[in-house]
Amino acid sequence: MAEVRVLERIRVAPAPPTPSAAELPITFFDAAWLFTGPVERLFFYRHPDPRSALPLLASSLPHALRRFFPLAGTISLAAGHRFAYAHGDALAFVLADSSPDEDDFDSLVATGPRDLRKMRALVPGLPPPREEGAFEVAAVQATVFPGRGLCLGVSVHHAACDDASATLFVRTWAAACRLGGLDGADAPPAPVLDRSLVADPDDLLGKTLAGMRVLASGPPPPAQETEMPAPAIASFPLTRDQIDGIKDAAAEPGTQRRPSSFVAASALAWVCLLRSRSVGVDGAARSHMLFSAECRSRLAPPLPAEYFGNCLRPCFVEAATAELTNGDGCVAAAAAAIGAAIREMERGVLEGAEGWLGKVLSVLPQRPMSVGGSPRHGVYEGTDFGWGRPCRVEMVSIEKTPGTVSLAEGPDGEGGVEVGVVLPPDAMEGFASCFRDIVRLSGKSV
């Protein structure tokens with residue numbers, strides 16, 4: 001584990017003007033995440049004098065929180081399950097110093113497999129719940145690597161918002177730091193906090209909360225009986241030419257309709273996870289994938305892109321295991337299954353919503369692959385705090401859900417995609433070998 005010394009723990013309140021008190025209702029989109037945890041992401045930046053960045057980060061954060069003041073508040077599991085913000089609420093911000101080992105930073109930002117344990121001290125933990133059951137929803141940490149760079153850790157509870165909203169918050173903070181404020185035309189758009197935009201005529205909120213209460217009242221999951229090896233984390237970059245080659249090889253016969261970057265990268269990862277036996281059940285005839293589909297633009301009427309909160313629905317994919325693991329055409333078969341599931345979902349984006357939770361629980365024993373993040377969120381593109389793009393961004397919270405991969409746009413801004421995985425070392429070797437082989441053959445039958 002990276003050696004980290006805490007320099008200071010501060011509480012950062014939103015800059016005025018903010019409401020003296022405010023409440024936001026949660027929606028049925030939020031309720032499904034109440035008993036999960038935070039999405040944790042690390043942004044690594046090269047910087048010759050990283051300690052000089054700390055005052056800039058601290059002074060610009062209040063301006064970002066003025067727009068995103070719910071992140072300084074709490075969610076209560078009582079009193080109607082609501083966001084609550086009151087004057088004096090503030091976000092936890094940890095300032096830390098890492099070991100002076102010059103190789104430490106460079107090893108953490110490499111693309112190859114790294115010991116995930118070395119990153120855990122860089123992740124800010126959310127404060128413990130309060131006595132009345134309310135819990136804070138976000139925390140940040142800036143860790144200095146002297147003479148090398150800094151790491152910005154951001155943890156946001158999934159019940160507060162989805163990845164699109166959390167990334168907009170980081171991009172807003174970055175703009176406030178880089179521009180000296182958020183009043184100019186170059187600042188990102190403000191979030192839309194109006195929860196009344198999410199219509200719920202069928203009381204999906206009540207039905208989701210009832211299902212969550214039943215789930216929470218059940219027995220705890222069985223304890224891990226065997227000690228698992230230390231997990232490794234790795235980033236697998238795909239250049240624009242490589243992802244285009246995979247799209248070409250996975251194009252639908254007859255129509256030549258190519259899959260999106262999300263579908264192509266997810267299909268590649270699904271095949272590699274199956275071949276490394278990191279997902280799926282041995283001997284099962286069918287394999288499963290599960291991911292959260294963005295709904296803002298798919299609702300009727302659509303929500304603004306800047307709507308703050310969760311607006312995701314589960315999308316369920318399955319295919320014959322043999323088609324995904326044997327011979328040529330495996331990635332094409334995976335992409336076809338994912339594409340078909342997306343088209344089916346788009347025919348009725350809220351269809352069957354009252355059964356989503358039960359269906360998710362029924363699929364979990366099949367060890368599905370799942371996906372976090374998206375190349376569309378711009379975790380590299382919009383997060384320059386004034387000292388350049390991040391050199392590496394990692395969604396480390398995928399460790400908590402085995403079989404999950406993270407997707408982001410390529411760090412160079414040239415149209416590539418980055419796939420992140422957390423696996424035991426032996427499985428990582430199998431995944432990496434499969435990934436290299438398929439990319440090498442891209443443009444042929446994959």
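The values are calculated or read from the model by the stated rules, or taken from the named source; none is laboratory data. Here the structure is a predicted model, which is why all the values come from computation and not from measurement. Here Cβ is always computed from backbone atoms with ideal geometry, including for glycine, and neighbour counts include all displayed protein chains. With ligands, DNA and RNA removed, areas are computed over all heavy atoms of the protein, side chains included. Shrake-Rupley method; radii C 1.70, N 1.55, O 1.52, S 1.80 Å.
Please report, ordered by residue number, the helices (runs of 4 or more DSSP H) entirely within the stretch 240-346 with at least 1 residues that are closer than 30 Å to PRO189 by Cα and hydroxyl-bearing (Ser, Thr, Tyr).
Result: 261-275.
Tell me which residues, restricted to the stretch 275-303, are touching a helix residue (DSSP H, G or I) at 6+ places or on another chain (Cβ under 8 Å), of a type in the set (A, V, I, L, M, F, W, C) and open to solvent by 20 Å² or more (accessible area, probe 1.4 Å).
Answer for the stretch 275-303, where residues must be touching a helix residue (DSSP H, G or I) at 6+ places or on another chain (Cβ under 8 Å), of a type in the set (A, V, I, L, M, F, W, C) and open to solvent by 20 Å² or more (accessible area, probe 1.4 Å): VAL281, ALA284, ALA285, LEU290.
Please list, ordered by first then second residue, the pairs with beta carbon atoms under 7 Å, 6 or more apart or interchain, first in the stretch 81-109 and within 22 Å of GLY125 (Cα to Cα) and of a type in the set (Phe, Trp, Tyr), second outside any strand (DSSP E or B) and at pLDDT below 90.
The qualifying pairs are TYR85/PRO19.
Tell me whether the stretch 162-179 contains one or more residues that are without any contact (Cβ under 8 Å) to a residue 40 or more places away in the chain and open to solvent by 10 Å² or more (accessible area, probe 1.4 Å).
yes
In the stretch 7-40, what residues are open to solvent by less than 50 Å² (accessible area, probe 1.4 Å), more than 20 Å from PHE385 (Cα to Cα) and of a type in the set (D, E, K, R)?
ASP30
So which of PHE316, PHE291 is within 17 Å of the chain's Cα centre (by Cα) and modelled with pLDDT of 95 or more?
Checking each option against the conditions leaves just PHE291.
Which one is nearest to the chain's Cα centre (by Cα), of the residues in the stretch 241-279 that are farther than 17 Å from ARG376 by Cβ and of a type in the set (S, T, N, Q)?
SER278
Could you please tell me which pairs satisfy a Cβ distance under 7 Å, a separation of 6+ or placement on different chains, a first residue in the stretch 26-52 that is over 22 Å from GLY125 (Cβ atoms) and touching a residue at least 60 places away in the same chain (Cβ under 8 Å), and a second residue that is assigned to a helix (DSSP H, G or I) and not hydrophobic (A, V, I, L, M, F, W, C)?
As it stands, the answer is THR27/ARG195; PHE28/THR208; ALA31/THR208; ALA32/THR208, since those pairs meet every condition given.
Looking at the stretch 376-419, which of the residues that are outside any loop (DSSP other than H, G, I, E, B) and free of Cβ contacts under 8 Å to residues at least 40 places away in the same chain is surrounded by the fewest Cβ atoms within 10 Å (Cβ to Cβ)?
Here the residue is GLU409.
Anything in the stretch 183-198 that is at pLDDT 95 or above, of a type in the set (A, V, I, L, M) and either open to solvent by less than 50 Å² (accessible area, probe 1.4 Å) or part of a loop (DSSP other than H, G, I, E, B) (or both)? List them, or say none.
ALA190, VAL192, LEU193, VAL198
Please state which one of PRO128, PRO124 is of a type outside the set (A, V, I, L, M, F, W, C), open to solvent by less than 10 Å² (accessible area, probe 1.4 Å) and outside any helix (DSSP H, G or I).
Answer to the check: PRO124.
For the stretch 347-375, how many residues are assigned to a helix (DSSP H, G or I) and under 15 Å from the mean Cα position of the chain (by Cα)?
1
What single numbered condition from (1) part of a helix (DSSP H, G or I); (2) buried (at least 19 other Cβ atoms within 10 Å of the Cβ) fails to hold for PHE43?
(1)
State whether one or more residues within the stretch 349-359 are touching a strand residue (DSSP E or B) at 6+ places or on another chain (Cβ under 6 Å) and closer than 28 Å to ASP248 by Cβ.
Checked against the condition, which is being touching a strand residue (DSSP E or B) at 6+ places or on another chain (Cβ under 6 Å) and closer than 28 Å to ASP248 by Cβ, the stretch 349-359 yields no hits at all.
Within the stretch 237-253, restricting attention to residues that are closer than 15 Å to GLY329 by Cβ and surrounded by fewer than 24 Cβ atoms within 10 Å (Cβ to Cβ), which residue is modelled with the lowest pLDDT?
The selected residue is PRO253.
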